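Shown next, in structure tokens, is the structure this report addresses.
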Amino acid sequence: MPKRLLRSVISINSSSTDLENLRLNFKRLSESGFEWHKPADKLVYKFVLSYFQHHLDCPSLQVVQDYFNEKDDVEVIERLGDIQSAEVYDRTNYIHLLSNLLEEQNKIKAIAALKEAQDIITKGVTFGKGKAEVRKQGIRDAVAHASEALSPLIIDPNASQTRGDVRTDTKAGWEDYQSAKNNKDKAWGRFTGLDKIDQTCHGHKRGELWLHAAFTGDLKSTFAQNWAYNLVTRYRTNVLYVSLEMPYTQIRRIIQVMHTANRRFENRGFDPIDYRKARDGELTPEQEKFYQAALEDFDTNQEYCSFDIWCPDREITVADVKTTAEIAHKKKEIGMIVIDHGGLLEPQKKFIKEYTIALNSVLRDAKKLALQFNHGEGIPVLCLFQLNRQGRTEADKAEGRYKMNAISYANEAERSADVITTTYLNDAHRQAGTTLFCNLKNRDNPLFEPFEARVNFTCRRISNIEMVSADGMSVVTDTDLTGMVGQASV
């Protein structure tokens, strides 16, 4: 019902989650071309549209009521009572409601268009007046008329725009710019926490496939886990991490030990825990107290988001990843998907046996996942990738700078990926506690220059070389932390 469409773009509950759902609903509604038959509904929508264009947010019910009370529009005020009592829809429920109403609306338009085509065939029809007058007659004109009228009526289940005339779509272009200007957190993507990358890319954005490639043991998983950890603890983003080569308990331990290197602990004089000593139960009593306190902070800190890890016990495809992520997304919004790593996924078509063809198929599917997730809303996908031995040999000679031929056995990587980054380690880097990051492809940005990052190999934390003293996000005070450490049992 139309009143449910309007109720689902007007705010009554002011929680951040509900407001974000309202914005998504309105974006879908404004792009759908839905036509309002009741004058009161049309006026309410016109006000919501004007408010959104000005504030980039949906109005509250009180704001809408105040506006029409001032106008003394009795019909609209009465309609607002109906709208207020309607049920709120969000996510797939709203998409389903909108699609059904559009379907009914478009059925009427389709029947009318086909009737006009019939008239064109049988007797001819004149459209327009004056200089714009056009006479259509015969089968050719009828087919062309029907095709032009019916094509826009086909409902695409995806929320993303897939076609249009860019010359006449300038209004949407300006709205995109205004949204980017006023909502950096929405226009920008998911930050890595490494300044050299983030300053160039402004984050990993929805619909993008990011490949991070390295040779065996050169920090592929470590970089992905650090990125995910930063999103969860610093950038308030829920992450789904899919691991196909490490057990859940190992990744859990890595991330929890990594948390002991959080800047807020470092700034207060606590040294990060050694991963191997935590794994093997060899911490000192003082380290055990700190480790337990850090784990408690990781568990109870309300500023942190969800870090979901899935280590499937069977062969899976990208479609399996998508299904799992979609289900999780309905419960809590997933901000990025990590696939560790792409070479271990099965192709959709099981009969593909040749490795290169199978891997290329997986990469194409991973790009589709990034684009089509949640009915075309899109999601950033980070996929780890193995570099070949020849590429590693050439990188050894070039001070760690890889070339694109290091991934030549999977040429789809170069086509489908939006960003390709690499990490490099050798004995000198290990001794210095550093790694080299390089950028082989960056579709929507310039390539960032190769740079070194700091690596704490004891706790597997990757960070900027130049550290700026600042607390990490936390609701725990200095006093609270000291008490936590002091009270933690040995």
Checklist entry - Listed residues F373, F351; which is more than 23 Å from M246 (Cβ to Cβ), of a type in the set (A, V, I, L, M, F, W, C) and modelled with pLDDT of 85 or more? => result F373
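If a residue must be in a loop (DSSP other than H, G, I, E, B) and hydrophobic (A, V, I, L, M, F, W, C), how many such residues does the range 209-248 contain?
From the range 209-248, those in a loop (DSSP other than H, G, I, E, B) are 215-219, 234-237, 244-247; that's our starting set.
Okay, now just the ones that are also hydrophobic (A, V, I, L, M, F, W, C), so 215, 219, 244, 246.
Of the residues in that region, 4 qualify.
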Checklist outcome for this item: The lone condition G81 fails out of (1) surrounded by 13 or more Cβ atoms within 10 Å (Cβ to Cβ); (2) out of contact with any Lys or Arg (no Cβ under 7 Å at 6 or more places or on another chain) is (1)
Next on the checklist: Where the second residue is surrounded by 17 or more Cβ atoms within 10 Å (Cβ to Cβ) and among the small types (G, A, S) and the first is without any contact (Cβ under 8 Å) to a residue 12 or more places away in the chain and on the phi < 0 side of the Ramachandran plot and lies in the range 73-96, which pairs have Cβ atoms under 9 Å and are six or more apart or on separate chains?
Outcome noted: N93/S8
Item to check | Criterion: at pLDDT below 90 and of a type in the set (F, W, Y) - qualifying residue of W210, W188 | outcome: W188
Checklist entry - Of the residues that make up the range 446-467, is at least one in the same structural domain as L219 (by TED's automatic domain parsing), free of Cβ contacts under 8 Å to residues at least 60 places away in the same chain, assigned to a helix (DSSP H, G or I) and of a type in the set (A, V, I, L, M, F, W, C)? => result no
Checklist outcome for this item: Checked against (1) at pLDDT below 90; (2) surrounded by fewer than 21 Cβ atoms within 10 Å (Cβ to Cβ); (3) closer than 21 Å to D444 by Cα, N388 satisfies every condition except (3)
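Listed here are the residues, each with its yes/no results for (1) buried (at least 20 other Cβ atoms within 10 Å of the Cβ); (2) outside the structural domain of N456 (by TED's automatic domain parsing); (3) over 29 Å from the mean Cα position of the chain (by Cα).
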| residue | (1), (2), (3) |
| --- | --- |
| R264 | no, no, no |
| R279 | no, no, yes |
| K289 | no, no, yes |
| E303 | no, no, no |
| I339 | yes, no, no |
| E354 | no, no, yes |
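Somewhere in the range 126-141, is a residue loosely packed, with under 14 Cβ neighbours inside 10 Å and modelled with pLDDT under 80? Write out each step before concluding.
Taking the range 126-141 first, the residues loosely packed, with under 14 Cβ neighbours inside 10 Å are 126-135, 138-140.
Okay, now just the ones that are also modelled with pLDDT under 80, so 131-132.
Checking the range 126-141: at least one residue is loosely packed, with under 14 Cβ neighbours inside 10 Å and modelled with pLDDT under 80.
How about the range 306-413: which strands (runs of 3 or more DSSP E) wholly inside it have at least 1 residues that are touching a Pro at 6+ places or on another chain (Cβ under 6 Å) and among the aliphatic types (A, V, I, L, M)?
334-340
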Item to check | Among residues of the range 272-288, those that are part of a loop (DSSP other than H, G, I, E, B) and without any contact (Cβ under 8 Å) to a residue 12 or more places away in the chain, counted | outcome: 4
Checklist entry - When you look at Y235, is it under 17 Å from the mean Cα position of the chain (by Cα) and either at pLDDT below 95 or not assigned by TED's automatic domain parsing to the domain that holds D313 (or both), yes or no? => result yes
Next on the checklist: Quick test of your reading of the structure: S99 fulfils all but one of (1) within 24 Å of the chain's Cα centre (by Cα); (2) of a type outside the set (A, V, I, L, M, F, W, C); (3) more than 25 Å from L6 (Cα to Cα). Name the failing condition by number.
Outcome noted: (3)
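The values are calculated or read from the model by the stated rules, or taken from the named source; none is laboratory data. None of the values given here were measured: they were computed from a predicted structure. Note: ideal-geometry Cβ built from the backbone for every residue, glycine included; neighbour counts use all protein chains shown.
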